1. Look through region 139-161, keep the residues that are among the aliphatic types (A, V, I, L, M) and surrounded by 10 or more Cβ atoms within 10 Å (Cβ to Cβ), and return whichever of them is farthest from the chain's Cα centre (by Cα).
2. From the list A74, A99, A63, A118, which one is aliphatic (A, V, I, L, M), under 22 Å from the mean Cα position of the chain (by Cα) and modelled with pLDDT of 85 or more?
3. Working only within region 33-52, note down all residues that are modelled with pLDDT of 95 or more and among the basic types (K, R).
4. Could you give me the residue pairs with C-beta distances under 7 Å whose first residue belongs to region 135-146 and is on the phi < 0 side of the Ramachandran plot, whose second residue is loosely packed, with under 12 Cβ neighbours inside 10 Å and β-branched (V, I, T) wherever it lies, and which are 6+ apart or on separate chains?
5. Inspect region 104-111 for any residue being polar (S, T, N, Q), touching a residue at least 24 places away in the same chain (Cβ under 8 Å) and surrounded by 10 or more Cβ atoms within 10 Å (Cβ to Cβ) and give the result as yes or no.
6. So which of V155, V146 is of a type in the set (V, I, T) and in a helix (DSSP H, G or I)?
Amino acid sequence: MPQFDLATFSEQIFWLFVIFAVLYMLMSKIALPKVGEVLERRHKTIEDNLGKARALKDETDAAIAKYEAALAEARDAAQADIREATEKAAAEHAAKTEALVKKLSKKTADAEKAIAGAKDDAMKGVADAASDIAREATDKLIGVKVQAKTAEKAVLAIVGE
């Protein structure tokens with residue numbers, strides 16, 4: 001094997017240093033700066049993207065806070081509308097109930113008056129019938145004819161008027 005020949009060993013070491021130096025110069029002057037630029041651009045792009053992401057997150061947080069505030073305001077407005085509608089319905093119901101109570105009270109009072117009138121008429125009819133029955137019963141039982149006014153007074157005394 002030629003690489004192990006001691007006569008060519010010094011030449012091989014010389015060329016090793018020459019090729020190493022050339023490759024080192026090529027790498028340090030051409031390849032590594034390009035790789036460094038790529039890495040720097042990459043780092044800058046990542047930092048820019050992170051900054052944009054932070055800005056977008058801040059915008060999103062602001063939009064969420066604004067949305068939640070609008071939602072809370074809408075919820076409060078809806079509750080106020082519901083409360084107002086409930087109060088209005090309760091007031092209308094109370095007014096209708098009061099009107100109905102007045103109407104029913106009037107009808108009840110009218111009915112009571114009609115019943116009282118009918119009762120008075122019936123009582124007069126009962127009193128007249130009772131006085132007629134008392135006169136006829138007295139005539140048939142004891143044979144005494146009682147006058148109509150006397151029979152009416154006796155019936156009224158018993159009825160309590």
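The values are calculated or read from the model by the stated rules, or taken from the named source; none is laboratory data. Note that the coordinates shown come from a computational prediction; the quantities given were computed from them, not determined experimentally. Positions of Cβ are backbone-derived with ideal geometry, glycine not excepted, and every protein chain shown enters the neighbour counts.
1. Once the filter is applied, the top-ranked residue is V146.
2. Numbers: A99 fails: under 22 Å from the mean Cα position of the chain (by Cα); A63 fails: under 22 Å from the mean Cα position of the chain (by Cα); A118 fails: under 22 Å from the mean Cα position of the chain (by Cα).
Among A74, A99, A63, A118, only A74 is aliphatic (A, V, I, L, M), under 22 Å from the mean Cα position of the chain (by Cα) and modelled with pLDDT of 85 or more.
3. The answer is R41, R42, K44, K52.
4. Listed pairs, sorted by first residue: T138/V144.
5. First, the residues of region 104-111 that are polar (S, T, N, Q): 105, 108.
Retained after the next criterion (residues that are touching a residue at least 24 places away in the same chain (Cβ under 8 Å)): none.
Taking every residue of region 104-111 in turn, none turns out to be polar (S, T, N, Q), touching a residue at least 24 places away in the same chain (Cβ under 8 Å) and surrounded by 10 or more Cβ atoms within 10 Å (Cβ to Cβ).
6. Only one candidate qualifies: V155.
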